[in-house]
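Colleague: Here's a structure for you.
The values are calculated or read from the model by the stated rules, or taken from the named source; none is laboratory data. Keep in mind the model is a prediction, meaning the values are calculated, not measured. We place every Cβ from the backbone using ideal geometry, glycine too, and count neighbours over all the protein chains shown.
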Amino acid sequence: MKVLFLNPPFKTEYGKYSRTSRSPAITKSGTVYYPIWLAYAAGATEKAGHEIRLVDSCSDLLNFEETIKVLNGFIPGLIVLDTSTPSILNDIEIARKLKSHFEGVVVAMMGTHPTVLDEETLTTAGGAVDIIIRGEADETAVCLANALEGVNVKSVNQLQERLQDILGISYYLEDSFYKNEARPQIEDLDSLPFVSEVYKKHLKVANYFFAPSDYPEIQIMSARGCTHKCTFCVYPHAIHNLKYRMRSAKNIADEFDWIAANMPEVKEVGIEDDTFAGSVKRVHEFCEEKIRRGNTVKWYTNVRATLKYETIALMKKANCVLLTVGYESANQGVLGKMKKLMDASSIKNFSMDAKKAGVLVHSCFMVGNQGDTKETLQESLDLALQLEDDTMQFFPLIVYPGTPDYVWAKENNLITVNTYDEWVTEEGLHNSVVRMPDMSCKEILDWCDAARRKFYLRPKYLKYKLVQTIFVPSELVRNLKAARRFVRFLVFGTFNTDVKKLKNI
């Protein structure tokens, strides 16, 4: 069967919308994530013998008409659309256009938002979307392609017969809503194809960028789920049900070897797990295996600030050059309310240990968490200015359906926007959607802008970046590429920057 996996166009007149990132938006730094989960599902479906196309309209800056044009005559029987909360209404309209363009096509939608709000999404779509893929899409996409091959989509009985036994889907037939039993989550992650192979075959590596890492880079997953229950984190709650599963150290090392042999243009690999060090034992096994093989590919990954120096030092030996970490708050009470399960004193210790090991840190503080006030935000900023992290985000709390924070915000009438497309600004930038007791959403965004200026425009930091850019050749490209966009937001702020002028930067 011919299957189109599409990251649909959204606000491409303003730039590259990063749909797969944990907070989807057009970013100030130019960061744009690979369509990771869509690519994994595409790879599994292609491995099963189906003819597939994977198109990322966002990274290619394609509108709908241009997207149809690049298909170059490829006529799918099944289309799988990735989606997100800010883009859901747009994506439903894209689905409507696709069904109009491709007669008889079945449109399925995947992602965090429709997984949690499946019936609402189908009702809103009004027939534009036929099927919701809930949770992990890899095996479900394969089952759908198998079941729909040769089916007469106009025959309700035939469709019902084909769909009724597929786990993990929701759909409407003749005004009746069906929610099939959930699909068990994949236990053997080593059985999945390397997502890097999917990227090489179907996508343009040069279109993607992660501001803190070397360019060009690619992003893979070595685990799914998380060992912790932070209240704001959407993928562990909405897709993986907090169930932590890992690829073997050998399997990850095999993919690093494949990348080294087949994608020499890649300067850095991002292991984009919600937490890479859910098992410190596996971290050590992977690092030791990578070192033993002599694989020198640089990499970065996401960790918690509780990671010990011994592990960071071993990761450095395995050529890990960057750790991304969510500090979230310097206030212990706020950390407790978000179930971060971390002592605030860990933040400074982690930052110092990473510097001692020679590993860069990209960190994040969030604004508007449960318990946050102007005073707790000042605590976070005071701590941030003491740290010597390479890059740092100051980021509004954005609540997504499926997270405990979304429930909290809804129950306490704290959400200030009326429609899902207001989860980002008109220009596609991150928005603040939850008010604080003593700060409006506008004041929260203004505070983030001011905090960034204080952190990045310090003479000490400017001197550090200048020396790094001049004397560390590997840092030159990413520093200059990120700065071309980011400096404008740093100077003019969220609301006074002409985003359209930065579209191609």
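Colleague: Out of curiosity, is L445 at pLDDT below 95 and assigned to a helix (DSSP H, G or I)?
Modeller: So L445 fails the test.
Colleague: If we scan the stretch 409-428, do we find a residue that is surrounded by 20 or more Cβ atoms within 10 Å (Cβ to Cβ), outside the structural domain of T27 (by TED's automatic domain parsing), closer than 19 Å to S329 by Cα and at pLDDT 95 or above?
Modeller: yes
Colleague: Of all residues in the stretch 384-405 being part of a helix (DSSP H, G or I) and in the same structural domain as Y235 (by TED's automatic domain parsing), which is surrounded by the fewest Cβ atoms within 10 Å (Cβ to Cβ)?
Modeller: As a first pass, look at the stretch 384-405 and keep what is part of a helix (DSSP H, G or I): 384-386, 404-405.
Applying the additional criterion that residues be in the same structural domain as Y235 (by TED's automatic domain parsing) yields 384-386.
Details: A384: 23, L385: 14, Q386: 11.
Restricting to residues being part of a helix (DSSP H, G or I) and in the same structural domain as Y235 (by TED's automatic domain parsing), the top hit is Q386.
Colleague: Same structure, new question: Do any residues in the stretch 404-415 that are within 17 Å of K339 (Cβ to Cβ) have Cβ atoms under 6 Å from those of residues that are part of a loop (DSSP other than H, G, I, E, B) and among the polar types (S, T, N, Q), where the two are at least six apart or on different chains, and which pairs are they?
Modeller: Matching pairs, first to second residue: P404/T231; D405/T231.
Colleague: Can you find a residue that is without any contact (Cβ under 8 Å) to a residue 60 or more places away in the chain, more than 24 Å from I26 (Cβ to Cβ), of a type in the set (G, A, S) and in contact with a Pro (Cβ under 9 Å, 6 or more places away or on another chain) anywhere in the stretch 221-237? Break it down stepwise before answering.
Modeller: The initial filter retains those residues of the stretch 221-237 that are without any contact (Cβ under 8 Å) to a residue 60 or more places away in the chain, namely 223, 225-227, 236.
From the residues that got through so far, the ones that are more than 24 Å from I26 (Cβ to Cβ) too are 223, 225-227, 236.
With the extra rule that they be of a type in the set (G, A, S), the set shrinks to 223, 225.
Then keep just the ones that are in contact with a Pro (Cβ under 9 Å, 6 or more places away or on another chain); that gives 225.
Yes, the conditions are met somewhere in the stretch 221-237.
Colleague: Another one. Wholly within the stretch 161-220, which strands (runs of 3 or more DSSP E) include no fewer than the required count, namely at least 1 residues that are over 18 Å from the mean Cα position of the chain (by Cα) and modelled with pLDDT of 95 or more?
Modeller: In the stretch 161-220, the matching strands (runs of 3 or more DSSP E) lie at 169-173, 176-179.
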